[in-house]
1. Say the cut-off is 22 Å between C-alpha atoms; which of Lys548/Lys572; Lys537/Lys572; Lys584/Lys632; Lys147/Lys369 go over it?
2. Pop out the ³J(HN,Hα) list for region 350-357 in order, Karplus 6.51 cos²θ - 1.76 cosθ + 1.60 with θ = phi - 60°, rounded to Hz; leave Gly and Pro as x.
3. Given axes a ≥ b ≥ c from the Cα gyration tensor, I'd like to know whether region 518-645 is rounded (a/c under 1.5), prolate (a/b larger than b/c) or oblate.
4. Give me a comma-separated list of calculated 3J(HN,Hα) values for region 427-432, in order, Karplus coefficients 6.51, -1.76, 1.60 applied at θ = phi - 60°, integers in Hz, x for any Gly or Pro.
5. If a/c stays under 1.5 just call it rounded; otherwise compare a/b with b/c (prolate if a/b is bigger, oblate if not). Do that for region 478-579, with a ≥ b ≥ c from the square roots of the Cα gyration tensor eigenvalues.
6. Measure off, as a whole percent, the carbon and sulfur share of the 1.4 Å-probe accessible area of the chain, all protein chains present.
7. Any chance you could run the full-extension gain for Arg622 through Leu211? It's 0.36 nm times the residue separation minus the Cα-Cα distance, nm to one decimal.
8. In square angstrom, what is the accessible area per residue of the chain with a 1.4 angstrom probe?
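The values are calculated or read from the model by the stated rules, or taken from the named source; none is laboratory data. None of the values given here were measured: they were computed from a predicted structure. Neighbour counts are summed over all protein chains in view; Cβ atoms, including those assigned to glycine, are modelled from backbone coordinates with ideal geometry. All accessible areas refer to the heavy atoms of the entire protein, side chains included, with ligands and DNA or RNA removed. Shrake-Rupley method; radii C 1.70, N 1.55, O 1.52, S 1.80 Å.
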Amino acid sequence: MAERSFAQEVTKLRLGEGEVFAGEGILAVTKALLESGVAYVAGYQGAPISHLMDVLADAQDILQSYGVHFENSASEATAAATLAASVNYPLRGVATFKATVGTNVASDALANLASGGVTGGALVVVGEDYGEGSSIMQERTHAFAMKSQMWLLDPRPNLPSIVRAVKMGFELSEASHTPVMLQLRIRACHVHGQFVASDNRASPFTLQQALEQPQRDTSRIVLPPASFVHEQEKINQRWPAAVEFIKAHQLNETLGPDTGDVGILVQGGNCNTLLRVLHTLGLADAFGRSDVPVYVMNVTYPMVDDEVLAFCQNKRAVLLVEEGQPNFIEQNLHTVLRRAGCATAVHGKDMLPAAGEYTATQIMAGVQKFLQAQQVTPPQTYVPPPPVANPAMQLVQARPPGFCTGCPERPLFAAMKLVQRELGEHHVSADIGCHLFSILPPFHIGNTTMGYGLGTAGASALNVPAGKRAISVMGDGGFWHNGLTSGIAHAVFNRSDNLTIVVDNSYTSATGGQDIPSSVATNPTRSTGHAIAQAVKGVGVRWVRTVKRTYDVSGLRDMLREALTTPEAGPKVLIAQSECMLNKQRRERPAQRARLQQGRRVVRERFGVDAETCTGDHSCIRLSGCPSLTVKPNPDPLRSDPVAHVINSCVGCGMCGEVSHAAVLCPSFYRTRIVQNPSWPERGWFAVRRALLGAVQAMWAKRRARWAF
């Protein structure tokens, strides 16, 4: 169950010639694929490309009507390897995943694909997860494109440019027999706009024909001596063919006047921000018509030497707006100009930040610095407002990201904290996923993380006899991605004595709640219900335990203690199961709203804290960290410490009460039920209870009044 449904939006994919398509960037990409005659699509979800996978999943009936085969890949490597169908056959195929970590995982398949080359168009759509919206290390796809000689498109973030990039990407791939990477930045994925649609079309050569008419060309397989020839082909044939195609179809753009003694070169993905900056300085209008010559590199690799040389000649200086490090394009630009004897001064990282996302503020400062150095006075000068002094900001503590309310992973780490009180701290090898939040307050658990599904592998060097065992954590998504082989099977083969905790919440929750092989929900187009425990036992693990309810903190604590102290040798795997609360709420809340609208009975459970019993110790908060658990002023005038308080966002998971019980804390927590649209017997009992309680309260009030005198 993905976090967002595109069931309604995908109907726009049926639009035909001349009709206006209005929607989101990722939906436009899917429409462009259909208009391009794509034969197959494969991919692995990950920000900012997750919603593209969700769109494809919701549009399967439309894809099938045009003979398009779609698969949710087990990993990015699986998705990239799917493009092998384009090596020998005139089939257009797409692989999509998150960059750059996804590209790293897929690098083996991509390197082989780029070496042997393709017959049909092969397009790799990567979500460039860079900048302030990123969840990974700050790296660029550009380096991989250069390394493997794959052409890299970075279109302007508007729908017509994105759609054209998809279509031209296939044609460029076929013209140069090279796979092409289409880089979609975070904002490009979610930008809204319009474009004029064309008719969808099926692939002229089908997957069935490929099966019935198999083709084989050993010169395309990466083995010596063919692999030596591939390098020569890349440089002497494919590169020139790509450059000629880019020039002939004007994939790069020149904006503004043809004359001018200064100019700006910019990556296509940063073009909108640059034009906004120029508009603010009075050097462009609101529609992006610039008074300064601008060369837009919708193709950032390879660089078209003739075009950049023609743009830079007769100019005193140019500014290159290249986001990220290293400054690959700037170095390339210097080489092209100096070899041609062009004396135009090139500025880039000397005017703009060396690293980090190029926001409008950053580009504004760089452009103003460049114009000032060239003694060009813009019609307007932008002066950023001075920072507002706010003493209260100095008192506000930084709020680290954390688990959702009711997350079933929170009690697992609370149990680990309780075990550490008994056995001391252990080395914890963390993994990619929601559970990585455990390294932050209030848990402070997790020493390292090395990649998706690599939690167990990250502790493999610590497989030595010692007084303690290392603990590894991986999610169910990472387990099926590559954790089963690189982690669990690896531990079996090397006779590891460490503990691996597999957090099984039924989805790849960190990427939006997509189904995986172990999901308990029935998926009409995929095979689910494959138990992780069976897979683990299948590769040879003997000590396997499953906790079916992670909110049982004391049970988890006891199981962890057993795993860390048992004399049994060999790898140990503890599977902690409970459904992702976010996905559970997505499923249950619409059903509850429907029941309420129908006037039917709805019961919600939540927890509370008895303020008179609470001591103000707040151990429950330190061991839980739940967003619905906070503090409020103490109602007792004789006590100053604030008491714990549960706000209305509580989903009734019971974790705070379980922690209090397992940690032998105060008995101040209570469970209550909120009944909406109660039945008539419930209404009657409520009236009776209220009357009895009212009578007792009135009696005690009279007694207190007598005692007061």
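1. On the way: Lys548/Lys572 17 Å; Lys537/Lys572 11 Å; Lys584/Lys632 29 Å; Lys147/Lys369 33 Å.
Going by Cα-Cα distance, Lys584/Lys632; Lys147/Lys369 fall outside the 22 Å limit.
2. Working through the residues one at a time gives 6, 9, 10, x, 5, 8, x, 5 Hz.
3. On the way: a/c = 4.01, a/b = 1.31, b/c = 3.07.
It comes out oblate by the Cα gyration axes.
4. Values per residue, Gly and Pro as x: 6, 10, 8, 8, 9, 6 Hz.
5. Oblate shape, in that a/c is at least 1.5 and b/c is the bigger or equal ratio.
6. Details: 18160 of 32880 Å².
Of all accessible area on the chain, carbon and sulfur atoms account for 55 percent.
7. Details: separation 411, 0.36 × 411 = 147.96 nm, distance 6.00 nm.
Between Arg622 and Leu211, full extension yields 142.0 nm more.
8. On the way: 32880 Å² over 709 residues.
Accessible area per residue, the chain: 46 Å².
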